[in-house]
Amino acid sequence: MTSPELSGYAPLDNLALARGTVDRVTRRRMDKDWIDAAWKDPRTRVLVVHEGHALVRDDGLVFASPEQAPTGTRFLLGEDTGGVVYFGVSGPLDDPGAGVRVASLREVGALLPDRDAGLLTHAVALANWHDTHVRCPLDGTPTVPDAAGHSAVCPMDGSEHFPRTDPAVIMLVTDPEDRCLLARNAAWPGRRVSILAGFVEPGESAEQAVIREVAEETGITVTNVRYMGSQPWPMPRSLMLGFRANAPAGQAITVDHDELAEARWWSRADLLAALQARELALPPSVSIARHIIEAWYGGPLPSAWTPTR
Ligand SMILES: [Zn+2]
């Protein structure tokens, strides 16, 4: 039996949005002949995304053929082991037919099979960037997609621009009794709680961000900051870096009420009882937060957090 102080420290695996199986074929992105041939290949599958949503059915994503795909910014997602090439297009979705629905990554990210979870995460991330970064930041000229949609070039000054990913830290803090610090964000309705999180600032390491964010939000000084794993969270453009950290004894929680409504320590037994009584709800399975909490707890916890956009 592991010591409680060491439980839940194994690297996180099977994170919902870190399951992609399709080769991104980065070497093909500047190969115009290969890309043109792939677009003409009837086996090629196109994933249309619109404002973070795509068409899904119960067994996975609904793809279009290149002929059926709407006009819109196109990007190469990759090629599977069977030689099937996948593109994404940011454009309007078809009306969903029978058995098909419009769903967001947040809603279906944990339900999709591995291949489709990876494709939708990749496509939503690129589409979000293209949709919001349409001009050169130096002179305002509309940019032109390049590298099969993985960069954009300014036709005026030739500057090249790449998709943005904003690193954010998310951390489960435990006290000397191995109780877990859970907080309720002031913006969240009901009794939803989670672990603390925040963006990494310019010129700051991820570990420094963990220490700073915990101190800012709860007044707790943490030590022993340890990396657990990561997953993309393109809503709109984050990379979530998961950590554990320890809070040495003798510290009182001082909640920053600009960000948090409340924060307190939870033992495993108290947390389970509160969830079973529906007095609390945890983040959904698609989130890294849920994985880190369940890794600390030692197994699945009963909680449903209704997905919202
Ligand atoms: Zn420019």
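A compact table of results
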{"quantity": "Thr254-Ala37 pseudo-label distance in nm [points 7 Å out on the Cα-to-Cβ vector]", "calculated": "6.6 nm"}
{"quantity": "Angle between the chain longest axis and helix 206-218 axis [Cα atoms, degrees, rounded to 10]", "calculated": "50 degrees"}
{"quantity": "Unmatched cysteines, the chain - criterion: no other Cβ of a Cys under 4.7 angstrom", "calculated": "Cys180"}
{"quantity": "Cβ-derived FRET efficiency at R0 25 Å, Thr21 paired with Asp166, nearest 0.05", "calculated": "0.50"}
{"quantity": "Rounded to 10°, Cα long-axis angle of helix 288-297 versus longest principal axis of the chain", "calculated": "30 degrees"}
{"quantity": "Inter-centroid distance (Cα atoms) of the range 58-122 relative to the range 177-201, Å", "calculated": "32 Å"}
{"quantity": "Projected label distance in nm at Asp131 and Glu262, using a 7 Å step from Cα toward the beta-carbon", "calculated": "3.6 nm"}
{"quantity": "Tail beyond 29 Å, pair distance distribution of the chain (Cα, percent)", "calculated": "43 percent"}
{"quantity": "Three-way shape call for the range 83-210 based on the alpha-carbon gyration tensor, with the a/c threshold at 1.5", "calculated": "oblate"}
{"quantity": "FRET efficiency estimate (nearest 0.05) - Cβ-Cβ, Arg226 to Asp59, R0 35 angstrom", "calculated": "0.40"}
{"quantity": "Low-density loop cleavage sites - GluC sites (Glu not before Pro) in the range 101-177, where at most 11 other Cβ are within 10 Å (DSSP)", "calculated": "Glu177"}
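Taken together, the values in this text are just the output of simple stated rules run on the coordinates, not laboratory data. Keep in mind that this is a model prediction, so the values were computed, not measured. So basically every Cβ, Gly included, is an ideal-geometry build from the backbone, and we count neighbours across all protein chains shown.
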